[in-house]
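Participant: Pasting in a structure now, in structure tokens, and then I'll have a few things to ask.
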Amino acid sequence: MKLADLEANVEGEHVKHRHHRIRRAKQFLRPLPRKATLHRWPVLKWFAKTARKRPFLWSFRVREVSIALYAGFIIAFQPLVGLQFVLAIAAALILRANLPVIMGTQLVTNFATMLVIYPVLGVIGHFLIQLFGLELPVSDVGYKASSIILGGIVAALVVAFVLDMIYRFVIYKKAQRPISVKRILNKK
């Protein structure tokens with residue numbers, strides 16, 4: 001076998017593997033909004049024209065995805081049922097974040113999961129309020145809402161940080177660069 005044939009075979013395998021990864025990613029992202037399916041989404045259809053004109057909404061660069069993860073989970077873990085998608089769209093436009101990722105994070109808290117997530121966020125918030133000795137001059141309902149909000153912010157930052165590091169790890173691994181945690185944390 002000639003060297004040129006061997007190189008062509010390796011290149012062909014690389015292309016097949018790449019196309020397989022792309023197909024897998026498309027299957028995973030299928031339920032999320034895309035440029036071509038914006039008009040089908042209940043709230044997004046009102047912003048379809050604006051969203052199509054902004055390429056940063058569709059970019060999967062580290063910056064856009066990181067911002068979408070952090071902002072998306074902070075919005076998702078707040079007790080704002082019914083407003084989350086609208087706030088996520090506004091945050092994506094204002095912060096120049098990835099729209100599919102920020103909308104995907106909103107799907108974490110749906111009516112089935114919020115029965116588990118919000119009480120856990122309340123416990124985390126209560127623990128933090130007790131830990132730091134915060135005095136909240138509010139009623140019992142206000143205290144519970146404050147603890148859910150505080151717990152939601154802290155839990156969102158932790159979850160987003162973990163997923164951000166995993167995303168960066170996968171990106172660097174794909175680029176086959178040596179992984180340096182120091183470089184990953186410093187790159188914005």
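The values are calculated or read from the model by the stated rules, or taken from the named source; none is laboratory data. What you see is a predicted model, and the numbers here were worked out from it, not measured in a lab. Methodologically, a virtual Cβ is constructed for each residue, glycine included, from the backbone with ideal geometry; neighbour enumeration extends over all protein chains shown.
Every residue, every condition in (1) closer than 25 Å to MET114 by Cα; (2) within 12 Å of the chain's Cα centre (by Cα); (3) not aromatic (Phe, Trp, Tyr), yes or no:
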{"residue": "THR37", "(1), (2), (3)": "no, no, yes"}
{"residue": "LYS45", "(1), (2), (3)": "no, no, yes"}
{"residue": "PRO55", "(1), (2), (3)": "no, no, yes"}
{"residue": "TRP58", "(1), (2), (3)": "no, no, no"}
{"residue": "ARG63", "(1), (2), (3)": "no, yes, yes"}
{"residue": "ALA76", "(1), (2), (3)": "yes, yes, yes"}
{"residue": "ALA90", "(1), (2), (3)": "yes, no, yes"}
{"residue": "ARG96", "(1), (2), (3)": "no, no, yes"}
{"residue": "ILE102", "(1), (2), (3)": "yes, yes, yes"}
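Participant: What helices (runs of 4 or more DSSP H), lying completely within segment 69-133, carry at least 2 residues that are touching a residue at least 40 places away in the same chain (Cβ under 8 Å), over 21 Å from LEU29 (Cα atoms) and out of contact with any strand residue (DSSP E or B) (no Cβ under 6 Å at 6 or more places or on another chain)?
Facilitator: 114-132
Participant: While we're here: Assess whether ALA36 counts as being surrounded by 10 or more Cβ atoms within 10 Å (Cβ to Cβ), closer than 30 Å to LEU87 by Cα and either at pLDDT 70 or above or not assigned by TED's automatic domain parsing to the domain that holds LYS174 (or both).
Facilitator: Considered against the rule, which asks whether it is surrounded by 10 or more Cβ atoms within 10 Å (Cβ to Cβ), closer than 30 Å to LEU87 by Cα and either at pLDDT 70 or above or not assigned by TED's automatic domain parsing to the domain that holds LYS174 (or both), ALA36 comes out as no.
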